[in-house]
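One structure is given below, encoded as structure tokens.
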């Protein structure tokens, strides 16, 4: 039961907008519960907890008691039990842990130990990752059921008798990360011809032999033939037959009435024709059966890789959703980080869970659904996910203010009474806007560190004054720098700030699970300004703006080509130099199969550059140095170095992506280096362990290159290449999940934005043409570049 796709979560639950979809989740619960009471042989399995919790809150005590009894009898079972069935490709491992924690906690609170799922159920995500398998193994599930596997891999599974296998989720954890995995034979649908739902058109089973439309014997024979075909691919006598589909069982009577007949007639089938025995079961019962009576002494294939990307046929790879709706992906990540802060402050203040925290847990987990964070829901549904998330964040921002008021002293170390001072959380700093900072004469800036180690952080705030006084908690002056905002930032659609510059300073020694404070005063008055200039010992605060083709700090020197203005090289202080050019390109849409929210179907293997030459400008200061590049009317970026840092940031603004006379563009950034990576590169698995990748297939002793769309992988935290000769490595870290590859030697390619007028035909029936404020979506994002020396063992450790 999708937690939002062509209808919103609430619309699916209550069954509204029936003209769009007849799905009605509350009806499924009531219908199934009623039918289970008619016959003790009947069983049923649910998955997502979010819908269950919504239904459970509305039920009377007697209904709840009946449901609990069915759970205790093993006739109702939950598989998976996460808040949603999360996407696997585009989420971080911490997000996975949180959404399972929230879902399983609700099951435990309502159903007790008997409600604990024993089987993991991830049958509708678009590919399967190794880290997800590792986490599920560590959660203690008996086994994992998966559905969508690349069509070539599925063929190999069938040929090699490995539809069931042991998946080792981590080389470091070893057997602790092993989970028995079952690849479903028929995805998660009923056998062909045996869907007994009003959403289906299959014939019912008529078992009255005196009736002219009697068909039971023919239907049973058809069913047995399908079971026997399926049985060939599993090395034991227990066969799992799924009987359901998306939002089925709104009329559970249709299903159970026909399944009862099917069970009765198959089990009384003439012995010389069949030895099939059919009965109601559940995923956990199936796992128990194969452990006890199944493979026993038979060796099981061990998988150490993963199952991304997912291809449904030779021309269709579901790799576009790695980058679809980039703003939603960023919001989901930032909101999850904010959730960690709220949880920590709640514990530190000893306040206990609150309604606001419940809202945020629900919202952050809901948006991890495999049609939400993936960007594969309809636009108005995506807007609803954003609404739910934004309202929860706003509610918790007020809660955070109360918690901080309780926890913090006033300036001067005198504790105020609870709620006597209010804090504002600035959630629009991604567009360099914070109305509170811009309108206050004096502010106390509180920086909270949610990590477990002491850290430091470069602060960037919108600034409206020409000079500032910044003092830390020791009442000492803090060095700062004012940097003018680029025109592209000032003109971001929806931005209403008067600030035309940003205030930079470095916050040092922020304690773990703690905060540090700064007293910031704008100096606006002329007398104040002159007095401040006289007593200030700081260097010039006005950055130099020049057309100089390089910037440098203590560790790195970054150069651009004088003629083209494009990035040319990165040199480390230890002598390591990487020749690297960087540009933006786009894939167009051809006349054949076309891209959509799910799939990436480029018109050609090589994308088209947006330009061959850029204009640039250099900004130099004591803390920050920048090279500002303008590629065209809709792409600009800043290459930025911070004092004392061994990385460089590339901050880009893309959009509105022009459509013109074509059918859309899929925009990528490509880093072309002199690193000889021999076709190998590495991407993370859910932000944790690293996976080795290649765009080459070994076939009949010959190497064949994959298509570019089949060699795209999800990049949640980093994509890296390294030289086999010199051990030089380069990694690019995105601020949200993106699709990435190293399709050509020495390249790193990341897809940053997609705007399409086409639909790929997987049920969405809508193009991926996002707009905001009346124009095509403008996205601001960041890539962080790291250079280093490759160490073989580091790529295989969980990090």
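Where residues in the range 47-56 are at pLDDT 95 or above and surrounded by 22 or more Cβ atoms within 10 Å (Cβ to Cβ), which of them is nearest to residue 25 (Cα to Cα)?
Checked the range 47-56; the qualifying residue nearest to residue 25 (Cα to Cα) is 51.
Take residue 207 and tell me if it is in the same structural domain as residue 79 (by TED's automatic domain parsing) and either free of Cβ contacts under 8 Å to residues at least 60 places away in the same chain or under 37 Å from the mean Cα position of the chain (by Cα) (or both).
Values: in the same structural domain as residue 79 (by TED's automatic domain parsing): yes; either free of Cβ contacts under 8 Å to residues at least 60 places away in the same chain or under 37 Å from the mean Cα position of the chain (by Cα) (or both): yes.
Yes.
Could you list, in sequence order, all residues of the range 60-108 that are closer than 30 Å to residue 738 by Cα, over 13 Å from the mean Cα position of the chain (by Cα) and without any contact (Cβ under 8 Å) to a residue 60 or more places away in the chain?
Those that are closer than 30 Å to residue 738 by Cα, over 13 Å from the mean Cα position of the chain (by Cα) and without any contact (Cβ under 8 Å) to a residue 60 or more places away in the chain: 80, 81, 100, 101, 104.
Under 7 Å between Cβ atoms, at least 6 apart or on separate chains: pull out the pairs that start in the range 767-784 with a residue that is at positive phi and end on any residue that is surrounded by 15 or more Cβ atoms within 10 Å (Cβ to Cβ) and not in a strand (DSSP E or B).
773/493
Of all residues being outside any loop (DSSP other than H, G, I, E, B), out of contact with any helix residue (DSSP H, G or I) (no Cβ under 6 Å at 6 or more places or on another chain) and in contact (Cβ under 8 Å) with a residue 40 or more places away in the chain in the range 11-29, which is surrounded by the fewest Cβ atoms within 10 Å (Cβ to Cβ)? Just the residue, please.
Here the answer is 27.
Could you check, for the range 111-124, whether at least one of its residues is touching a helix residue (DSSP H, G or I) at 6+ places or on another chain (Cβ under 8 Å), surrounded by 24 or more Cβ atoms within 10 Å (Cβ to Cβ) and either without any contact (Cβ under 8 Å) to a residue 12 or more places away in the chain or part of a helix (DSSP H, G or I) (or both)?
Checked against the condition, which is being touching a helix residue (DSSP H, G or I) at 6+ places or on another chain (Cβ under 8 Å), surrounded by 24 or more Cβ atoms within 10 Å (Cβ to Cβ) and either without any contact (Cβ under 8 Å) to a residue 12 or more places away in the chain or part of a helix (DSSP H, G or I) (or both), the range 111-124 yields no hits at all.
Looking only at strands (runs of 3 or more DSSP E) that lie completely in the range 489-608, which have at least 1 residues being modelled with pLDDT under 95, more than 29 Å from residue 721 (Cα to Cα) and in contact with a strand residue (DSSP E or B) (Cβ under 9 Å, 6 or more places away or on another chain)?
On the way: elements: 501-510, 514-523, 544-546, 550-552, 556-560, 567-572, 577-587.
Fully inside the range 489-608 and qualifying: 501-510, 514-523, 544-546.
Being in contact with a helix residue (DSSP H, G or I) (Cβ under 7 Å, 6 or more places away or on another chain), touching a residue at least 24 places away in the same chain (Cβ under 8 Å) and surrounded by fewer than 16 Cβ atoms within 10 Å (Cβ to Cβ) is true for just one of 223, 194, 198, 185. Which residue is that?
From the options 223, 194, 198, 185, the qualifying one is 198.
From 615, 669, 611, grab the single residue that is surrounded by 19 or more Cβ atoms within 10 Å (Cβ to Cβ) and within 21 Å of residue 561 (Cα to Cα).
Sole residue among the options that is surrounded by 19 or more Cβ atoms within 10 Å (Cβ to Cβ) and within 21 Å of residue 561 (Cα to Cα): 669.
Restricting attention to strands (runs of 3 or more DSSP E) lying wholly within the range 679-760, give those where 3 or more residues are closer than 21 Å to residue 315 by Cα and over 24 Å from the mean Cα position of the chain (by Cα).
The strands (runs of 3 or more DSSP E) meeting that bar are 696-699, 702-705.
For the range 228-255, name all the residues that are outside any loop (DSSP other than H, G, I, E, B), surrounded by 16 or more Cβ atoms within 10 Å (Cβ to Cβ) and either modelled with pLDDT under 95 or in contact with a strand residue (DSSP E or B) (Cβ under 9 Å, 6 or more places away or on another chain) (or both).
230, 252
The values are calculated or read from the model by the stated rules, or taken from the named source; none is laboratory data. Since we're looking at a predicted model, the values are computed, not measured. Note that we place each Cβ from the backbone using ideal geometry, even for glycine, and neighbour counts take in every protein chain shown.
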